[in-house]
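Each remark here refers to the structure printed beneath this line.
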Amino acid sequence: MTADIIATVVTALLLIVGCVGIVIPVLPGSITGLVGLLIWAFVVRAPEGWVVLALGGTLLVAGMSSSLVLTGSTLKRRAIPNRTLLFGVAGAVVGMFVIPVVGLLIGFVVGLLLSETVRNRNLTTALETSWVAAKAMGLGMLVELSCALLASLTFIVGAIIFFVTA
């Protein structure tokens, strides 16, 4: 196997792990995909590699940034502290190990609700703010995942062009 093929396989795996990592907050998401594109571009040292790195990297950075901005602005507008999301993520991690398959989602929601209940001391308000935080996080995740999938598609097209024309 040549270095080009190995780099292509490694990059594909890193992009898959990156996309999964966007949905499962325990794994690094867009950064993993960006590392994969960097590896591929530096190993193949072809115009296709640099174009894929430029386009895919831009998509990954845009997705990461927009996710942070969308989530952060919604939380700031509703005066929900960032620690609420931190508790949600911690709950998701615990839930993932306690309840297989659906534990990630259940743990995230329970973590949000517990944090907001302690903060607000009112269950009705806690339910409302938890729902807002969950929607904000979900929208940010959706945008970031969409950009990561487009970056992955860019890599696939670039890799096909690279190997067909080589």
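The values are calculated or read from the model by the stated rules, or taken from the named source; none is laboratory data. Since the structure is predicted, the reported quantities are computational estimates derived from the model, not experimental observations. Here the Cβ positions follow ideal geometry from the backbone for every residue, glycine too, while neighbour counts run over all protein chains shown. Quick note on the areas: whole protein, heavy atoms, side chains included, nothing else; ligands and nucleic acids left out. Shrake-Rupley method; radii C 1.70, N 1.55, O 1.52, S 1.80 Å.
Based on the inverse mean of 1/r over its pairs of different Cα atoms, what is the Kirkwood hydrodynamic radius of region 73-166, in Å? Present the calculation step by step, with values, prior to reporting the outcome.
Numbers: mean 1/r = 0.0666 Å⁻¹.
Hydrodynamic radius (Kirkwood, Cα pairs) of region 73-166 is 15.0 Å.
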Q | Listed residue (Gly18, Ala54, Ser66) projecting farthest to the positive dipole end of the chain, Cβ model | A | Ser66
Q. What number, rounded to the nearest 500 deg cm²/dmol, is the helix-based mean residue ellipticity at 222 nm of the chain, given -39500 (n - 2.57) per DSSP H run of at least four residues and division by all its residues?
A. -31000 deg cm²/dmol
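Once the Cβ-Cβ distance between Leu149 and Glu128 is put in as r, and R0 is 45 Å, what FRET efficiency do you end up with, to the nearest 0.05? Intermediate results must be reported in sequence, preceding the final value.
Working: r = 32 Å, r/R0 = 0.71.
Working from the Cβ atoms, E equals 0.90.
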Q. Trp50 to Asn82: FRET efficiency via 1/(1 + (r/R0)^6), r the Cβ-Cβ distance, R0 25 Å, to the nearest 0.05?
A. 0.10
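Tell me, what % of the accessible area of the chain is carbon and sulfur with a 1.4 angstrom probe? Let's see the in-between values first.
Values: 7230 of 9140 Å².
Heavy-atom surface of the chain belonging to carbon and sulfur, 1.4 Å probe: 79 percent.
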Q: Could you state the angle between the C-alpha long axis of helix 30-44 and the longest principal axis of the C-alpha atoms of the chain, as a value from 0 to 90 degrees rounded to the nearest 10?
A: 10 degrees
Q | Degrees between helix 47-77 axis and first principal axis of the chain (Cα, 0 to 90, nearest 10) | A | 10 degrees
Q. Probe 1.4 Å, all protein chains in place: accessible area of Glu128 in Å², nearest 10?
A. 100 Å²
Q | Alpha-carbon centroid distance for the pair region 94-123 / region 54-79, whole angstrom | A | 23 Å
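Based on Cβ point charges of +1 for Lys and Arg and -1 for Asp and Glu, what charge dipole magnitude is obtained for region 1-165 about its Cα centre, in debye rounded to the nearest 20? Can you show the working numbers first?
Working: 8 positive and 5 negative charges, 127 e Å.
The dipole of region 1-165 has a size of about 600 debye.
Just the number please: accessible area per residue for region 22-105, 1.4 Å probe, all protein chains included, in Å². It would help to have the intermediate numbers written out before the result.
Working: 4630 Å² over 84 residues.
Roughly 55 Å² per residue, with all protein chains present.
To one decimal place, what orientation-averaged projected area in nm² is obtained for the convex hull of the Cα set of region 1-165?
Values: hull surface 40.8 nm².
Projected area, direction-averaged: 10.2 nm².
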**Q.** Area of Thr124 that stays accessible when all protein chains are in place (1.4 Å probe, Å², to 10)
**A.** 100 Å²
Q) What does the accessible area of Leu27 come to, in Å² to the nearest 10, when a probe of 1.4 Å is used? A) 70 Å²
Q: Find which of Gly158, Cys147, Ala3 sits farthest along the positive direction of the dipole of the chain, computed with +1 on the beta-carbon of Lys and Arg, -1 on that of Asp and Glu, about the Cα centre.
A: Cys147
Q) How long is the gain from Ile6 to Arg121 if the chain were fully straight, where each residue apart is worth 0.36 nm and the alpha carbon distance is subtracted? A) 35.9 nm
Q) With axes computed from alpha carbons, what is the tilt in degrees of helix 82-98 against the longest principal axis of the chain, rounded to the nearest 10 within 0 to 90? A) 80 degrees
